[in-house]
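Peer 1: Mind looking over this structure? Questions follow.
The values are calculated or read from the model by the stated rules, or taken from the named source; none is laboratory data. Treat the numbers as computed from the prediction; the structure is a model and nothing was measured. Reconstructed Cβ throughout: ideal geometry from the backbone, glycine too, with neighbour counts over all protein chains shown. With ligands, DNA and RNA removed, areas are computed over all heavy atoms of the protein, side chains included. Shrake-Rupley method; radii C 1.70, N 1.55, O 1.52, S 1.80 Å.
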Amino acid sequence: MNSGLPGVSEGADDRQATVGTPLHEPLLLLASQSAGRKAVLTRAGIEFTTLPADVDEEAVLAAALESSGELAFEDQVLTLARAKAEASCAASEGGYVVLGGDSMLEIDGALVGKPRTADAARERWREMRGKRARLHSGHWLIDDRDPMDGGTGATFGDTASTDVYFAELSDAEIDAYVSTGEPLWVAGAFTIDGYGGPFIERIEGDHHAVIGLSLPLLRRMLAEISLPITDLWRPTPTP
């Protein structure tokens with residue numbers, strides 16, 4: 001697990017779980033408004049609530065890079081995931097296990113995020129088609145439960161990386177995909193579980209991480225705070 005990244009709030013690793021706060025149901029607080037992350041958790045039967053973080057991503061990364069001078073791609077997404085988890089944790093009333101996430105695509109030696117405009121998405125796809133890229137998904141967990149409820153006060157994270165192989169799209173296919181609006185606001189300008197699915201030839205690694213949240217990684221992180229992922233499952237209806 002990675003921790004102690006530069007460019008984030010001091011004292012985060014010394015954070016203690018809030019004493020006297022209620023244990024929430026659901027227990028998991030997702031610090032993200034990503035439809036993909038929500039879908040991964042929902043399909044896995046995991047109960048959660050959301051409190052999207054309001055974070056200036058460019059400022060967070062600039063501070064981290066100024067502090068360290070250099071930051072690996074995996075640690076850049078982890079830095080953003082941490083900032084989001086900490087922001088949501090601070091805005092909540094406490095008592096949650098908070099999960100922050102961020103994803104960016106590494107291609108041709110550069111890291112790219114959301115294109116945000118149709119022109120940028122179109123240009124991005126013209127550069128990506130027929131190539132292999134690597135999607136990095138940072139995960140940061142904060143155990144903000146009351147110690148009486150098993151809270152540890154732990155704050156730590158890790159990154160899941162998956163290789164993505166893009167099809168050789170025609171200009172017409174790129175124009176049609178961009179016109180859906182889907183690639184404008186997703187990391188790397190693509191999805192694997194939507195309109196973009198036909199344009200992904202194959203992946204190597206965790207397919208959930210391509211959507212933005214690695215379930216195997218989440219399971220291992222929860223185990224670090226002695227919380228089985230099965231404890232977060234929705235109750236099974238009685239037949």
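Peer 1: Could you order peptides 183-191, 144-152 by the average number of other Cβ atoms within 10 Å of their residues, highest first?
Peer 2: Output ranking for 183-191, 144-152: 183-191, 144-152.
Peer 1: Sorted by accessible area (1.4 Å probe), largest first, how do M104, M128 line up?
Peer 2: The ordering from most to least exposed comes out as M104, M128.
Peer 1: So, with a 1.4 angstrom probe, what is the percent of accessible area on region 13-133 that is carbon and sulfur?
Peer 2: After summing per-atom areas, the C and S share lands at 45 percent.
Peer 1: So how do D163, D171 rank on accessible area, 1.4 Å probe, biggest first, that is with the largest at the start?
Peer 2: Per-residue accessible area, sorted high to low, gives D171, D163.
Peer 1: Sorted by packing (mean other beta-carbon atoms within 10 Å per residue), highest first, where do 49-56, 26-33, 64-71 land?
Peer 2: The most tightly packed comes first, giving 26-33, 49-56, 64-71.
Peer 1: Another question about this same structure. Write down the accessible area per residue of region 21-180 in Å², having rolled a 1.4 Å probe over the full set of protein chains.
Peer 2: The answer is 41 Å² per residue.
Peer 1: At 222 nm, what value in deg cm²/dmol follows for the chain if DSSP H runs of at least 4 each add -39500 (n - 2.57) and the sum is divided by all its residues, to the nearest 500?
Peer 2: Theoretical 222 nm ellipticity from helices: -9500 deg cm²/dmol.
Peer 1: With θ set to phi - 60° and the Karplus curve 6.51 cos²θ - 1.76 cosθ + 1.60, what are the ³J(HN,Hα) couplings of region 198-207 in order, to the nearest whole Hz, using x for Gly and Pro?
Peer 2: x, 9, 10, 5, 6, 9, 10, x, 7, 5
Peer 1: With Cα Rg over 2.2 N^0.38 Å as the read-out, I listed (i) 1.08; (ii) 0.95; (iii) 1.04; which label goes with the value calculated from this structure?
Peer 2: Looking at Cα Rg over 2.2 N^0.38 Å for this model, the match is (iii).
Peer 1: While we're looking at this one, here's another question. Hydropathy at least 0.5 by Kyte-Doolittle, axial extent at least 18 angstrom from the Cα trace: which helices of the chain, defined as entire DSSP H runs, fit?
Peer 2: none
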